[in-house]
Amino acid sequence: QVQLVESGGGLVQPGGSLRLSCAASGSISRARAVGWYRQAPGNQRELVATITSGDSTNYADSVKGRFTISRDNAKNTVYLQMNSLKPEDTAVYYCNVQYSVFSYWGQGTQVTVSS
């Protein structure tokens with residue numbers, strides 16, 4: 001069992017930045033992929049960004065050029081740098097770590113973009 005704890009969410013004005021962190025209780029170096037997903041009220045959970053064990057990244061079209069995902073295997077931590085935030089980025093952001101057999105989710109952190 002791997003526990004994931006997200007942090008870094010909050011209220012930010014449009015155009016602002018936030019950096020989310022996801023600390024894992026276990027090693028993420030052996031994970032096939034780690035990623036961030038988000039869910040806005042009334043919407044399904046959607047992919048934001050993923051990064052594989054080989055450091056290949058994938059982003060939702062809506063965040064390309066604004067968000068950057070990274071991982072620090074030594075700290076077992078995944079980051080999401082979010083720049084030029086828009087009101088439509090408002091959602092609960094979830095961290096996911098996918099191993100060969102099991103997949104784990106964090107509890108989520110709220111991001112609200114509003115003036």
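Identify the residue in the stretch 68-115 that is β-branched (V, I, T) and open to solvent by 60 Å² or more (accessible area, probe 1.4 Å) and, among all such residues, is farthest from V5 (Cα to Cα).
Of everything passing the filter in the stretch 68-115, V101 is farthest from V5 (Cα to Cα).
If you go through the stretch 37-81 one residue at a time, how many are in a strand (DSSP E or B) and basic (K, R)?
Number satisfying all stated conditions: 2.
The values are calculated or read from the model by the stated rules, or taken from the named source; none is laboratory data. All values derive from a computational prediction rather than experimental measurement. For the accessible areas, the whole protein counts, side chains as well, though only heavy atoms, and no ligand, DNA or RNA atoms are used. Shrake-Rupley method; radii C 1.70, N 1.55, O 1.52, S 1.80 Å.
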